[in-house]
Amino acid sequence: MPQLKTKALVMRTVDWSDTSKIVSLFTREKGRVDVIAKGARRKNNPYQGVTETLNEIDAVIYLSEKRDLQTLGSVSLESSWREIRTDLKKTSIAMAILEIMQHFFHEGQGDQIFYDFLVTMMEQLGEINCEYIILWYFMLKTASRLGFKPEMDKCNGCGKAELSGNIEFDLASGVVYESGCSPGKISSEHLTREQLQFLSRLQKVPHRKLKLLSDISIPDYPYTKLLQNYLNYHTDSTLKLKSLRFLAG
Ligand SMILES: [Zn+2]
């Protein structure tokens, strides 16, 4: 049986039988792969602890094209993200990111660049003060990766780079308009110039440098909701971000 040796992030686990668990992995080599971890619910089993949600693991997976569920072989722990797990807010944000992964990235081709990006996000989440910056950034980059990157640098009506007045962000096209330049009847969300500038700046920060935004002043706005609506609009889907339910603000 072919073997796959890969790094992977544990996205979710479900109890399968008295002794086994199903583990949803986002692997570096093959994207999403669901595996059965036999014996994972037994005491002192080597899978225990290692196959917890959020962990990054090194895994050997036995692949069979005939099955939907693959079989987990040996595993070792790469990182359990201590900085994240010891902080409730960081944990919730990390879980929200995994929820987005599960929602929008399905089985199929591996995506090593996106995998490495995801791991960098977890590293930065462990270190940054404003955790939501990581979530918003991840949502913006997910939109880009799925092919509908928002264009927030100029008014789509007149082409001006320094937008003024009230600004409309059109969910359908991912572009922005000054109020006077809007074609009207668009599925828009309203932003101030400062809120738009923040999003536009965030979108351009290199992903390894997000920590530099730790002290940035963030104009108050429900950015999570805006980006959630945007992702849902373009994928005809209902991402709920249940992981954030217990967080205020
Ligand atoms: Zn304009």
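Values quoted throughout were computed directly from the atomic coordinates according to the rules given, and no laboratory measurement underlies them. Predicted model only: the values in this text are computed from it and were never measured. Here Cβ is always computed from backbone atoms with ideal geometry, including for glycine, and neighbour counts include all displayed protein chains.
Check each of the GluC sites (Glu not before Pro) in the stretch 46-128 and keep only those in coil by DSSP with at most 14 other C-beta atoms within 10 angstrom; list them in order.
Glu65
Provide the per-residue ³J(HN,Hα) series for the stretch 39-52, in order, calculated from phi with Karplus coefficients 6.51, -1.76, 1.60 and θ = phi - 60°, each as a whole number of Hz, with x at glycine and proline positions.
x, 5, 8, 7, 4, 6, 6, x, 6, 4, x, 6, 8, 7
Please state, rounded to one decimal and in Å, the Kirkwood hydrodynamic radius that the stretch 3-80 gives when every pair of distinct Cα atoms enters the mean of 1/r.
12.0
Once every DSSP H run of n ≥ 4 in the chain is given -39500 (n - 2.57) and the sum is divided by its residues, what mean residue ellipticity at 222 nm do you get, rounded to the nearest 500 deg cm²/dmol?
Counting only the DSSP helices, I get -10000 deg cm²/dmol.
Given springs between every Cα pair under 10 Å in a Gaussian network model of the chain, which of Ile97, Ile216, Ile128 has the largest fluctuation?
Ile216
Could you calculate, for the stretch 172-246, the ratio of the Cα radius of gyration to the Kirkwood radius, expressed as Rg to Rh?
Answer for the stretch 172-246: 0.99.
Output the antiparallel fraction of DSSP beta bridges having both residues in the chain, as a percent to the nearest 5.
90
Once you list every other residue whose beta carbon is under 15 Å from the beta carbon of Thr71, what net charge do they have if Lys and Arg are +1 and Asp and Glu are -1?
+3
The stretch 156-243: which GluC sites (Glu not before Pro) are DSSP loop and have at most 14 other beta-carbon atoms within 10 angstrom?
For GluC sites (Glu not before Pro) across the stretch 156-243 that sit outside H, G, I, E and B with at most 14 neighbouring Cβ atoms in 10 Å, the list reads Glu162.
Defining a contact as two alpha carbons under 8 Å apart and six or more residues distant in sequence, what relative contact order in percent does the chain show?
15
What value in Å³ per residue do you get for the convex hull of the alpha-carbon atoms in the chain?
So the per-residue Cα hull volume is 135 Å³.
How big is the Cα convex hull of the stretch 103-249 in projection, averaged over all directions, in nm²?
About 9.5 nm², averaged over all directions.
Could you run the Karplus curve 6.51 cos²θ - 1.76 cosθ + 1.60 with θ = phi - 60° over the stretch 67-79 and give me ³J(HN,Hα) per residue in whole Hz, x for Gly and Pro?
Residue by residue, the stretch 67-79 yields 10, 7, 9, 8, 10, 7, x, 7, 9, 9, 7, 8, 7 Hz.
Please state the relative contact order of the stretch 1-63 as a whole percent: Cα pairs under 8 Å, 6+ residues apart?
Here the relative contact order equals 43 percent.
Could you check which residue among Thr53, Thr86, Thr71 shows the biggest mean-square fluctuation in a GNM of the chain with a 10 Å Cα cutoff?
Comparing Thr53, Thr86, Thr71 in the GNM, the peak value goes to Thr86.
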